[in-house]
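The values are calculated or read from the model by the stated rules, or taken from the named source; none is laboratory data. Bear in mind the structure is a predicted one, so any value in this text is a computation, not a measurement. Cβ: placed from backbone, ideal geometry, glycine included. Neighbour counts: every protein chain shown.
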Amino acid sequence: MTAPTHRPTAATPPGAPASRPAGRPGSALFADRRVFLLALIVVVGAVMSLLSPYFLQVDNLLSMTQYGAVIGLLALGQALVILGGGGGIDLSIGSSLSLSGVFMGLLTQSAGLSPWLAAVLALVFGAFLGLINGILVGVIGIPPLIATLSTLYFYGSLANVITNGKQFGGFDRQGFSFLGQGAVAGVPVQVLLVLIPAFAIAAWAMKRTRSGQHTYEVGTSDRAAALVGVDVRRLRIGLYVLAGVLAAVGAVVTNSWLLTARPSAGTGFELQAITIAVLGGINIFGGRGHLSGVFLAVVLVVVVNTGLQLAGVGNSVQVGILGALLIVSVLLNRVIGPRGERP
Amino acid sequence: MTTTPTITLHGVGKSFGATRALSDVSFSVAAGERLAVLGENGAGKSTLMKILAGVHPADTGTVRLGADPYTPASPAAAMAQGVSIVYQEPSFFEHLTVLENIFTGRELVDVLGQLAWRRMRRQATEAFADLKLDPGLLDRPMGSLSLAEQQQVLIARAVHDRCRVLILDEPTSILTANEAERLFDVVDRLAAAGVAILYITHRFDELARVADRFVILKDGVLVADLPTPADHNEIIRLMSGRQIDTVSARENTVAAAELLTVRGLHRPGEFEDIDLTVHEGEIVGLYGLVGAGRTELALSIFGDNPASAGAMTLSGSSYRPGSAREAIAAGVAYLPEDRKTQGIFPAMSTGKNIAAASLDRFAGGLGRLDRTGLNTMVAEGISRLRIKAPTPDFPITGLSGGHQQKTLFARWLATDPKLFILDEPTRGIDVGTKAEIHSQIIGFADQGMGVLIISSELPELLAVCDRILVMRAGRLVADLRGEDRNEAAILRATLGVDDADGKEGT
């Protein structure tokens with residue numbers, strides 16, 4: 001969405017603040033994407049529970065969130081890269097997930113490493129994949145869309161070459177499956193101990209730390225950011241590294257959950273991640289939006305997809321509905337709230 | 001030539017908000033006549049040209065083209081009536097060919113609506129032949145041409161049909177002497193063919209060569225309309241002589257310690273061999289024409305545009321910043337020229353805009369920000385500069401331009417700088433806020449801060465500066481203080497006019 005800017009009129013007398021940004025009375029609350037998403041979640045949830053009585057049962061709600069953990073991690077990484085501005089986008093995160101997962105499988109199955117140790121190494125590997133993206137974009141200066149499109153194919157192809165059409169295992173040792181299959185107090189581990197902490201830490205960092213503030217600054221105006229002393233290039237490279245690490249975390253969770261590493265594990269996730277980030281209110285041009293909104297968008301997408309599945313709606317229709325949801329939410333948000341999202 | 005002038009202005013005036021850009025300007029140009037338009041930065045030359053080119057309508061007065069009223073609604077309408085302009089910084093499509101560029105927006109088509117390339121090529125070739133340009137250029141991408149060639153193409157585009165008035169905006173500022181001579185030939189040929197030429201220039205040395213007559217604008221008023229050649233000292237006298245409010249002018253006679261010294265600073269194509277010193281508590285102005293290299297020099301001192309040679313010291317120790325961050329840490333602040341694109345973070349609150357340059361000071365472990373400290377600092381900034389933001393969370397884009405600028409002042413004051421570089425600190429700001437900013441600047445110096453101000457407004461520099469440096473074509477050409485710090489001397493240095501005999505500088 002585009003935030004309308006509020007230009008002071010030329011007639012503004014010196015010293016007087018320009019009139020407050022215009023807005024219809026009572027619209028300010030709904031203008032916040034997060035309130036809007038929350039309302040949408042409630043409405044969609046209610047509709048779904050009417051369509052399928054099974055929807056609101058506890059075990060279904062929990063299995064729903066299992067699916068959401070992996071895509072949520074990717075959406076988080078995507079949101080960070082987009083927030084950093086400069087046309088930032090990471091099309092390769094699906095392939096990064098696949099390749100990191102395969103790399104981890106190589107370590108556990110062929111090298112016989114402990115899956116826990118392999119998981120840690122996979123995170124380092126994910127950071128390396130992100131670093132390559134960061135260097136292509138930040139140092140060499142290739143437009144992010146092109147750079148990460150090429151690594152999407154490159155990483156994906158490498159994952160296929162390494163597995164040679166097969167899949168890796170060797171994860172079901174030392175209690176590793178706990179991460180992807182276990183539950184604490186009925187809540188899946190990958191949600192409680194991975195997704196929620198990841199979002200919480202990232203949201204805290206964006207709001208309360210210097211790097212978070214720098215990200216918003218760079219995303220809003222990279223020239224102004226450079227002139228207040230921000231190393232724009234290093235910051236953006238860092239965001240790609242983070243996206244790579246988060247994709248690798250997604251790979252670790254996937255391996256623990258499914259106990260196999262497949263070269264196609266992350267295929268198509270990159271576009272879903274972008275969709276969720278934008279649905280969550282992240283401005284595609286950077287600098288605007290909240291990670292809490294992205295979290296709510298993850299919840300919404302999970303609720304919609306699960307509900308549709310229960311209602312017997314096929315996957316191909318689900319994807320179409322996701323697209324419709326995105327455009328409707330952006331349009332409604334624009335109609336309801338003239339005020340822009342502000343960090 | 002006919003007895004009716006080609007273009008006649010009568011009492012033309014134009015205001016932008018409260019700023020009066022032009023008042024009661026009257027003159028005329030006959031067919032085949034070459035008129036130069038002189039005036040310092042902000043004298044109203046650009047506004048005048050834009051009115052003629054159909055960019056802005058005039059508020060008052062009339063313009064006639066021949067005997068007919070001339071009120072173009074758009075640049076396209078102006079061009080259709082035969083008035084064309086070639087801007088100082090030309091705009092074109094660099095990836096398209098010269099031929100395509102010549103016909104953009106007025107492509108010739110055949111009966112089926114297909115582009116009639118053959119006809120366009122024939123016309124363009126004829127136009128090129130008239131101006132003695134190489135027709136081989138037609139198929140080259142515009143971006144591959146030299147600046148001089150691009151300009152000639154744009155002139156060809158401007159005059160290509162039914163052109164009666166051609167306006168050239170400082171055409172030689174980017175050209176070498178040889179290229180300029182070629183341009184003068186082109187201008188002569190057009191004048192000989194009956195085109196009325198309006199030629200904006202800052203260069204006295206080319207005045208006699210390129211114009212039959214000249215007018216001088218000062219503060220939007222036409223103060224002279226004379227034939228060439230003219231005595232250069234007389235022109236300077238006419239351009240200056242403004243009533244300056246000298247009451248607020250500072251004379252800092254106390255010998256203070258050196259704060260910044262710059263020796264032999266050099267950056268190819270931007271500035272060369274710059275020596276300057278700013279003392280503690282001193283306000284130094286940096287004047288020059290647009291493009292003289294002032295901003296490039298300032299950015300270099302601020303670490304954003306590192307020089308290739310030369311040395312600097314700050315408070316006596318060696319100072320060679322490789323980035324803005326290092327300069328800020330060393331105690332240097334820079335208020336950028338363009339508030340909108342280089343200064344503010346538009347989507348953010350006033351408070352966050354103020355805090356932006358001081359985050360390092362408030363960052364603890366993991367980069368966690370000390371919010372209490374930040375909030376206190378922001379509140380101080382808002383009250384010190386009297387920024388009219390109801391709360392620190394108020395979006396900066398909700399403030400007027402003057403208060404946005406004050407927010408940027410607060411941002412830099414929060415870093416507690418030793419040296420504050422201000423690039424056009426009051427551009428586009430209302431009069432009241434402007435005076436307030438001027439008194440703030442004097443207050444900074446009174447507290448011992450060194451201030452370096454770049455401004456295109458001479459009255460501003462004369463009002464607040466202890467000393468004024470003048471840059472011309474990448475070099476520092478004058479350091480004026482005391483008695484010498486006057487408008488005529490500054491203009492003379494800016495324009496390169498020799499003091500002694502009033503003839504052009506060597």
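Quick check: is even one residue across the stretch B:425-445 crowded, with 19+ Cβ neighbours inside 10 Å, closer than 18 Å to B:Val290 by Cα and in contact with a Phe, Trp or Tyr (Cβ under 9 Å, 6 or more places away or on another chain)? Yes, the conditions are met somewhere in the stretch B:425-445. Counting the residues of the stretch B:262-295 that are in a loop (DSSP other than H, G, I, E, B) and either at negative phi or polar (S, T, N, Q) (or both) gives 7. Residues considered: B:Ser28, B:Ser46, B:Ser15. Of these, the only one that is surrounded by fewer than 18 Cβ atoms within 10 Å (Cβ to Cβ) and within 20 Å of the chain's Cα centre (by Cα) is B:Ser15. Of the residues A:Arg173, A:Arg236, the single one that is away from chain B (no Cβ under 14 Å) and either closer than 30 Å to A:Ile321 by Cα or surrounded by fewer than 19 Cβ atoms within 10 Å (Cβ to Cβ) (or both) is A:Arg173.
Screening A:Val230 against (1) within 12 Å of chain B (Cβ to nearest Cβ); (2) within 12 Å of the chain's Cα centre (by Cα) leaves a single unmet condition, (2). For B:Gly343, indicate whether it is more than 7 Å from chain A (Cβ to nearest Cβ) and either touching a residue at least 24 places away in the same chain (Cβ under 8 Å) or of a type in the set (A, V, I, L, M) (or both). Answer is no for this residue. Within the stretch B:301-327, the only residue that satisfies the criterion of being over 28 Å from B:Ile490 (Cα atoms), within 26 Å of the chain's Cα centre (by Cα) and more than 14 Å from every other protein chain (Cβ to nearest Cβ) is B:Ser308.
To keep it simple, each residue is scored yes or no on (1) modelled with pLDDT of 65 or more; (2) part of a helix (DSSP H, G or I); (3) within 14 Å of another protein chain (Cβ to nearest Cβ).
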{"residue": "A:Pro17", "(1), (2), (3)": "no, no, yes"}
{"residue": "A:Ala22", "(1), (2), (3)": "no, no, yes"}
{"residue": "A:Pro25", "(1), (2), (3)": "no, no, no"}
{"residue": "A:Leu40", "(1), (2), (3)": "yes, yes, no"}
{"residue": "A:Val43", "(1), (2), (3)": "yes, yes, no"}
{"residue": "A:Val47", "(1), (2), (3)": "yes, yes, no"}
{"residue": "A:Leu56", "(1), (2), (3)": "yes, no, no"}
{"residue": "A:Asp59", "(1), (2), (3)": "yes, yes, no"}
{"residue": "A:Met64", "(1), (2), (3)": "yes, yes, no"}
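Evaluating A:Gly293 against the criteria (1) modelled with pLDDT under 80; (2) in contact with a Lys or Arg (Cβ under 6 Å, 6 or more places away or on another chain) leaves one unmet condition, (1). Close Cβ contacts (under 8 Å, 6 or more residues apart or on different chains) running from residues in the stretch B:233-246 that are over 18 Å from B:Ala463 (Cβ atoms) to residues that are of a type in the set (Val, Ile, Thr) and at pLDDT 80 or above comprise B:Ile235/B:Ile216; B:Leu238/B:Ile216; B:Leu238/B:Val223; B:Met239/B:Ile216; B:Met239/B:Val223.
One residue stands out among those in the stretch B:371-417 that are in a helix (DSSP H, G or I) and among the β-branched types (Val, Ile, Thr): the one that is nearest to the other protein chains (Cβ to nearest Cβ), which is B:Thr397. Looking only at helices (runs of 4 or more DSSP H) that lie completely in the stretch A:253-343, which have at least 1 residues being under 12 Å from the mean Cα position of the chain (by Cα)? Because the criterion is at least 1 residues that are under 12 Å from the mean Cα position of the chain (by Cα), the helices (runs of 4 or more DSSP H) in the stretch A:253-343 that meet it are A:269-279, A:291-310. The set of residues in the stretch B:46-62 that are among the β-branched types (Val, Ile, Thr) and either touching a Ser or Thr at 6+ places or on another chain (Cβ under 7 Å) or in a helix (DSSP H, G or I) (or both) comprises B:Thr47, B:Ile51.
Between A:Gly85, A:Gly130, the distinction of being crowded, with 24+ Cβ neighbours inside 10 Å, modelled with pLDDT under 95, small (Gly, Ala, Ser) and under 20 Å from the mean Cα position of the chain (by Cα) belongs to A:Gly85 only.
For beta carbons closer than 6 Å, sequence separation of 6+ or different chains, a first residue in the stretch B:357-374 that is under 9 Å from A:Thr209 (Cα atoms) and a second that is among the small types (Gly, Ala, Ser), the qualifying pairs are B:Gly367/A:Ser211; B:Leu369/B:Ala363.
For the stretch B:427-455, give me each residue that is within 12 Å of chain A (Cβ to nearest Cβ) and at pLDDT below 90. Of everything in the stretch B:427-455, those that are within 12 Å of chain A (Cβ to nearest Cβ) and at pLDDT below 90 turn out to be B:Gly428, B:Ile429, B:Asp430, B:Val431, B:Gly432, B:Thr433, B:Lys434, B:Ala435, B:Glu436. The condition of being surrounded by fewer than 18 Cβ atoms within 10 Å (Cβ to Cβ), touching a residue at least 12 places away in the same chain (Cβ under 8 Å), under 30 Å from A:Gln57 (Cα atoms) and among the β-branched types (Val, Ile, Thr) holds for only one of A:Val187, A:Val70, that being A:Val187.
Scanning the stretch A:104-159 for residues that are farther than 24 Å from A:Gly88 by Cα and outside any helix (DSSP H, G or I) turns up A:Ala111, A:Gly112, A:Leu113, A:Ser114. Against the conditions (1) modelled with pLDDT under 95; (2) assigned to a helix (DSSP H, G or I); (3) under 23 Å from the mean Cα position of the chain (by Cα), B:Ala298 satisfies every one except (1).
Among residues of the stretch B:320-369 being charged (D, E, K, R) and not in a helix (DSSP H, G or I), the one that is farthest from B:Phe394 (Cα to Cα) is B:Arg320. List every residue pair whose Cβ atoms sit under 8 Å apart, with the two residues 6 or more apart in sequence or on different chains, where the first one lies in the stretch A:205-216 and is over 12 Å from A:Gly238 (Cβ atoms) and the second, anywhere, is modelled with pLDDT of 95 or more and among the polar types (S, T, N, Q). Sorted first by the residue in the stretch A:205-216, then by its partner, the pairs are A:Met206/A:Thr215. Cβ-Cβ distances below 9 Å connect the following pairs, each with a first residue in the stretch B:129-157 that is without any contact (Cβ under 8 Å) to a residue 12 or more places away in the chain, a second residue that is assigned to a helix (DSSP H, G or I) and of a type in the set (Ser, Thr, Tyr), and a separation of six or more residues or different chains: B:Pro135/B:Thr125. Restricting attention to the stretch B:43-74, the residues that are touching a Leu at 6+ places or on another chain (Cβ under 7 Å), at pLDDT 90 or above and among the β-branched types (Val, Ile, Thr) add up to 1.
Residue by residue, here is whether (1) surrounded by fewer than 24 Cβ atoms within 10 Å (Cβ to Cβ); (2) free of Cβ contacts under 8 Å to residues at least 40 places away in the same chain holds:
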position: A:Val218; (1), (2): no, no
position: A:Val230; (1), (2): no, yes
position: A:Thr254; (1), (2): no, no
position: A:Thr260; (1), (2): yes, no
position: A:Thr267; (1), (2): yes, no
position: A:Ala277; (1), (2): no, no
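Total residues in the stretch B:351-365 satisfying the condition of being facing another protein chain (nearest Cβ under 10 Å) and within 29 Å of the chain's Cα centre (by Cα): the figure is 3.
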